[in-house]
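Worksheet: the structure to be examined is printed underneath.
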Amino acid sequence: MSEGIERSPAFAGIALRLPVPVDAPAHPQNVAETLALSLWQAGVTHGFGLIGGAIAPFARALHESPIELVHCRHESGAVFGALEGYFASGRPGLVFTTTGPGLTNALTGIAAARWEGGKVVLVSAATAPANRGRWAFQETGRVAASTCGGVTAGALFDYAELLDDPAALPTVTSRLARGLARPGPFLAHLQVPVSVQAAPCPAPIRLLPKTMAPRTCTRDTVELVARTLAGSSFALWVGFGARDAAERVRRFAEHTGAPVMCTPRGKGVFPESHPLYLGVTGFGGHAAVDSYMSMHRPDYLLVLGSRLGEMTSLWDRNMLPDKALVHVDLDPAAFGAAFPDFPSLDVESDVGELLHGLLALPTPKLGSRAARVDGWPFPRAPAALDRAPVRPSVLMDAIQRVIVDRSNAIVMSEAGNAFAWATHWLRFSGRSSYRVSMGFGSMGHAVTGVVGAALTTGRKAVALVGDGTMLMNNEVSTAVQHDAPVVWIVLNDARYGMIHQGMESIGYVPFATEIPRSDFASVADALGAHGLRVTRETEVAAALEEAMAASGPVVVDVCIDPDEEAPSRKRNRSLLAQGVAGEDG
């Protein structure tokens with residue numbers, strides 16, 4: 001493998017120019033080898049998937065290329081691994097699957113990648129043209145795959161191609177390279193019959209790395225935003241789309257004195273220990289934000305890189321400013337989606353480019369008069385007691401002290417109450433990175449994606465997950481095989497806790513939420529990982545320290561108190577507003 005390939009979150013979203021690796025095949029012999037090399041040159045370092053007969057030539061080409069082949073246990077886990085590998089390292093994700101269920105199993109992860117704004121290439125096998133329509137085993141071709149949106153570009157994919165002719169390979173590799181080099185998300189799907197994978201290249205292909213400059217923001221646009229905000233009160237609403245502009249967000253907030261609130265996915269973009277920080281909005285959010293909007297409602301909210309979807313805003317009109325939103329995003333579909341009837345100045349721009357322009361203006365300040373709310377937005381942690389089971393708030397405090405404050409670990413939270421506990425309690429200020437999928441919210445995302453984050457960066461990666469999702473889908477065996485530095489912390493309450501508490505809060509008597517309590521520490525040991533079981537609050541910190549000191553995968557199974565209410569009442573009130581009525585009406 002070539003030297004000097006740095007893996008750092010600083011590369012997230014940036015197009016990279018990579019040299020041809022020194023140990024890559026100088027003259028690829030067939031379509032599969034050429035495709036693997038072109039993906040390597042486009043920045044791919046890891047390929048996640050499952051090997052099947054119909055994808056065997058491409059899998060072998062990956063195995064013999066500089067790309068590290070990560071053999072997973074389920075295709076959806078492979079996609080989540082590739083997606084979180086992209087967000088952690090900034091390098092495009094690659095997934096490979098066989099025909100039929102291999103492809104369809106991957107589609108949940110692909111849908112999540114679309115919602116999350118990832119860069120992922122899916123290479124799947126296709127049934128040979130001569131056998132299509134003849135009930136071939138696991139048949140997949142243009143007709144069979146079109147029912148799931150797998151062949152044509154559109155709702156799921158920015159680029160999709162069925163490569164039946166090796167002569168089309170130069171066009172395909174060029175389009176993939178350009179898509180992966182451009183700013184913002186890019187999802188591609190390439191279907192290749194096994195006969196084409198093994199076919200010789202019709203002519204030598206000159207594989208050149210592609211670069212693309214970031215989208216710039218015109219001076220007229222910068223001045224329009226400055227005129228709008230000048231002399232008015234405003235606050236910043238920072239989303240995940242601003243992650244590559246974190247330093248400029250901080251400088252702009254300090255330059256103007258504007259308070260800052262973050263979306264759940266935007267946690268850590270702005271230091272959560274900063275005096276200007278208000279807290280998190282939406283699901284699992286903080287009361288300090290609500291107090292600020294009630295007591296000091298600003299004229300404008302400068303929204304930086306967020307769609308303001310349900311879990312970010314809960315579509316709460318109390319979150320709207322007096323005059324208008326100033327909404328900055330690369331995706332024009334974000335504008336007006338959450339609050340279609342509210343005034344908004346829509347700015348289609350890279351967040352960093354706009355802030356760079358605003359900071360370069362000759363005026364000393366833009367004039368924000370927005371007061372912030374005094375007081376720390378995060379709750380005070382309770383003391384750990386010699387009691388069982390463990391209160392989730394005590395567990396979160398220990399995670400903060402042992403993991404967030406003392407390491408550079410990537411921390412991810414899974415769909416369910418883990419969403420709410422982690423978002424509400426944990427505080428990130430740049431030393432660590434936080435990932436949560438608040439849009440598509442698939443169970444199984446973090447529990448499998450954490451493996452990809454660890455493997456692509458070499459950093460310790462920690463997933464906070466429920467027992468329900470750990471039972472649904474995990475890649476512990478994959479982590480063991482690759483000795484990935486992964487820690488799973490299982491919030492084990494023997495129920496689907498978010499559903500159970502949600503039912504209670506909206507007036508239902510809970511049903512179909514209890515599940516038999518599992519011993520995940522024993523399961524981890526059986527799979528070859530290290531398992532730790534925690535039943536008392538006084539055992540939590542030591543178990544987390546042991547897990548963080550370990551070199552390989554560890555599962556920390558924490559028996560939590562199912563009755564401590566998660567900070568999700570605003571979400572439940574939103575459900576009631578949408579018409580979900582309990583048994584008492």
Here the residues within the stretch 439-469 that are touching a Ser or Thr at 6+ places or on another chain (Cβ under 7 Å) and among the aliphatic types (A, V, I, L, M) are 443, 446, 447, 451, 464
Looking at (1) closer than 24 Å to residue 417 by Cβ; (2) in contact with a Pro (Cβ under 7 Å, 6 or more places away or on another chain); (3) modelled with pLDDT of 95 or more, which one does residue 300 not meet, given that it meets all the others? (1)
So in the stretch 189-240, with the set limited to residues that are farther than 30 Å from residue 436 by Cα and in contact with a Lys or Arg (Cβ under 7 Å, 6 or more places away or on another chain), which one is modelled with the highest pLDDT? 233
Residues in the stretch 183-202 that are surrounded by 18 or more Cβ atoms within 10 Å (Cβ to Cβ) and within 19 Å of the chain's Cα centre (by Cα): how many? 4
Note on residue 355: of the conditions (1) within 17 Å of residue 253 (Cα to Cα); (2) surrounded by fewer than 23 Cβ atoms within 10 Å (Cβ to Cβ), unmet is (2)
Where a residue in the stretch 118-133 is on the phi < 0 side of the Ramachandran plot and open to solvent by 10 Å² or more (accessible area, probe 1.4 Å) and its partner, wherever it lies, is acidic (Asp, Glu) and modelled with pLDDT of 75 or more, with Cβ under 8 Å and at least six apart: 129/164
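A quick yes/no check of all residues on (1) surrounded by fewer than 21 Cβ atoms within 10 Å (Cβ to Cβ); (2) at pLDDT below 95; (3) part of a helix (DSSP H, G or I):
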| site | (1), (2), (3) |
| --- | --- |
| 70 | no, no, no |
| 73 | yes, no, no |
| 76 | no, no, yes |
| 84 | no, no, yes |
| 87 | no, no, yes |
| 96 | no, no, no |
| 136 | yes, yes, no |
Within the stretch 419-444, how many residues are farther than 22 Å from residue 545 by Cα and either of a type in the set (A, V, I, L, M) or touching a strand residue (DSSP E or B) at 6+ places or on another chain (Cβ under 8 Å) (or both)? 6
Which pairs turn up if I take residues in the stretch 309-333 that are more than 19 Å from residue 438 (Cα to Cα) and open to solvent by less than 50 Å² (accessible area, probe 1.4 Å) and look for partners that are part of a strand (DSSP E or B) and of a type in the set (S, T, N, Q) with beta carbon separation below 9 Å, at least 6 apart in sequence or on another chain? 324/344; 325/344; 326/344; 327/344
From the set of residues in the stretch 402-418 that are over 21 Å from residue 86 (Cβ atoms) and in contact with a strand residue (DSSP E or B) (Cβ under 7 Å, 6 or more places away or on another chain), which is modelled with the lowest pLDDT? 416
Testing residue 483 on (1) at pLDDT below 95; (2) open to solvent by 10 Å² or more (accessible area, probe 1.4 Å), one condition comes back false. Which one is that? (1)
Residue list for the stretch 236-270, filter: open to solvent by 10 Å² or more (accessible area, probe 1.4 Å), farther than 15 Å from residue 292 by Cβ and over 19 Å from the mean Cα position of the chain (by Cα): 247, 248, 250, 251, 254, 255
Top-ranked residue in the stretch 491-524 [being open to solvent by 80 Å² or more (accessible area, probe 1.4 Å) and not β-branched (Val, Ile, Thr); ranked as farthest from residue 412 (Cα to Cα)]: 511
Of the residues in the stretch 57-68, those that are crowded, with 24+ Cβ neighbours inside 10 Å and in a loop (DSSP other than H, G, I, E, B) number 1
Please verify whether the stretch 402-415 includes one or more residues that are surrounded by fewer than 19 Cβ atoms within 10 Å (Cβ to Cβ), acidic (Asp, Glu) and in a loop (DSSP other than H, G, I, E, B). yes
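For the stretch 5-47, give me each residue that is part of a loop (DSSP other than H, G, I, E, B) and modelled with pLDDT of 95 or more.
44, 45
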Within the stretch 48-56, does at least one residue satisfy the condition of being in contact (Cβ under 8 Å) with a residue 24 or more places away in the chain, in a helix (DSSP H, G or I) and open to solvent by less than 10 Å² (accessible area, probe 1.4 Å)? yes
Which residues, taken from the stretch 443-466, are modelled with pLDDT under 95 and within 11 Å of the chain's Cα centre (by Cα)? none
Give the number of residues within the stretch 463-480 that are of a type in the set (S, T, N, Q) and either more than 25 Å from residue 403 (Cβ to Cβ) or crowded, with 20+ Cβ neighbours inside 10 Å (or both). 3
With the structure loaded, tell me whether residue 469 is in contact with a strand residue (DSSP E or B) (Cβ under 6 Å, 6 or more places away or on another chain), outside any loop (DSSP other than H, G, I, E, B) and either at pLDDT below 95 or among the polar types (S, T, N, Q) (or both) or whether it fails that test. no
Testing residue 80 on (1) buried (at least 24 other Cβ atoms within 10 Å of the Cβ); (2) touching a residue at least 60 places away in the same chain (Cβ under 8 Å); (3) assigned to a loop (DSSP other than H, G, I, E, B), one condition comes back false. Which one is that? (3)
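The values are calculated or read from the model by the stated rules, or taken from the named source; none is laboratory data. All values reported here derive from a predicted model rather than from experimental measurement. A quick note on method: Cβ atoms are made from the backbone with ideal geometry, for glycine too, and the neighbour counts reach across all protein chains shown. Heavy atoms of the whole protein, side chains included, go into the accessibility calculation; ligands, DNA and RNA do not. Shrake-Rupley method; radii C 1.70, N 1.55, O 1.52, S 1.80 Å.
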